[in-house]
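Only one structure is covered here, and it is reproduced in the block below.
Only the coordinates and a few stated rules stand behind these numbers; no lab work does. As the structure is a prediction and not an experimental result, all values here were calculated from the model. Ideal geometry is used to build each Cβ from the backbone, glycine not excepted, and the neighbour counts take in all protein chains shown.
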Amino acid sequence: MDLRHLRYFQAVAEELSFSKAARRLRIAQPALSRAVQELEQDLGARLLERNRRTMALTPAGSVLLAEASVVLERLEESLRRVKRTAAGEEGELRLGYIGPPTQRFLGRLLAEYRRRFPKVSVHLEERTPERVWEMVAKSRLSVALTRPLPGQGERVLSTVLLRQEPLGIVVRSDHPLAKKKSVAWKALSQEPLIVLARREGVGLHDEILAACRTAGFAPRIAQSPSLMGTVLTYVEAGAGIGIATDSVAAASMPADLCYVPVTPVHSVPLVMVWNPDELSPAVKAFRDLMSEWLKTGRLWEES
């Protein structure tokens, strides 16, 4: 017995006519009759009561019709799911990200992704850059939006640069530097600085220290909180000058704070990273959408 036998029997049982079933299946009637006979022989049961004028299902035939319908419907749905998964229309996307640098576009991007692939299950994980890289390397995340890390090349992960984010200062609107169009790094040499802790953002932290060294001074770090939101709170409280990327200003900075660019320009990259062994069509669909938005400029357009 094979699926062909079940399909042929289903057509005959529903039509109660070999000729009508043959036309429906677009096969020769003798082949259809042989298939039903072979099925009856395999099962050791008579499925149809037939004579020259009428045809009816036996009790065994009625049971087989009900069960065959379930089996064939389940098979057809399974095949549809396989095709949708292969096309990236179904599956799972486990996305890791860091907060402020992705706020400008992530919600819009995911809304478009869900519109195109509504059957893909999306799971979000906001983590530190170090944790994100680790989870991608261990295949606990499908893809991530994060900062590069020192030594990440040893992990054989693939990356695409999304943007180089310039650094600037965040000050209260009543601070003397708030009215300037830009500020030199060396002008910060005597200022108390609020910088994100290195354990939470090694790339950002190290680039800030490098910029200060290049300007010829060792920074006076007043606070090193674990969250960028806390950096802004310290600045609001008058504890010092915050240093952050321009994405912080573009995201959700309080109205009483100002972002001022710092010269010469120092920047930190934002990248998309994934394991090249990740072959899921749903993940490829996300990467393709990201590439499309990068190419067309939608990724960084104003909301």
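Quick notes
- Charge dipole of the chain about the Cα centre (unit charges at C-beta), most positive-ward option of Pro118, Asn51, Ala144: Asn51
- Residues Glu292, Glu278, ranked from the fewest to the most other C-beta atoms within 10 Å, line up as Glu292, Glu278.
- Rounded to the nearest 20, the size of the Cβ-charge dipole of region 3-86 about its Cα centre is 440 debye, with Lys and Arg at +1 and Asp and Glu at -1.
- Mean Kyte hydropathy of -1.0 or more with a Cα span along the axis of at least 24 Å, helices from DSSP in the chain: 59-86
- Checked against a 22 Å cut-off, the cross-linked pairs Lys83/Lys295; Lys138/Lys284; Lys83/Lys119; Lys119/Lys284 give Cα-Cα distances beyond that limit for Lys83/Lys295.
- Cβ-placed point charges (K, R +1; D, E -1), dipole of region 166-303 about Cα centre in debye, nearest 20: 440 debye
- Dipole of the chain computed with +1 at Lys/Arg Cβ and -1 at Asp/Glu Cβ about the Cα centre; of Ala222, Val273, Ala60, farthest Cα towards the positive end is Ala60.
- With contacts taken as Cα pairs under 8 Å at a separation of at least 6 residues, the chain carries a relative contact order of 22 percent.
- Here the dipole of the chain is about 780 debye; that uses its Cα centre as origin and unit charges on the Cβ of Lys and Arg (positive) and Asp and Glu (negative).
- Among (i) 46; (ii) 8; (iii) 41, the entry that matches percent of Cα pairs over 35 Å apart as calculated here: (i)
- Applying 0.36 nm per residue to the separation of Lys284 and Asp256 and subtracting their alpha-carbon distance, the gain on full extension is 5.9 nm.
- Three-way shape call for region 3-86 based on the alpha-carbon gyration tensor, with the a/c threshold at 1.5: prolate
- P(r), alpha carbons of region 164-268 - 5 Å bins starting at zero, rounded %: 2, 14, 27, 29, 21, 6, 0
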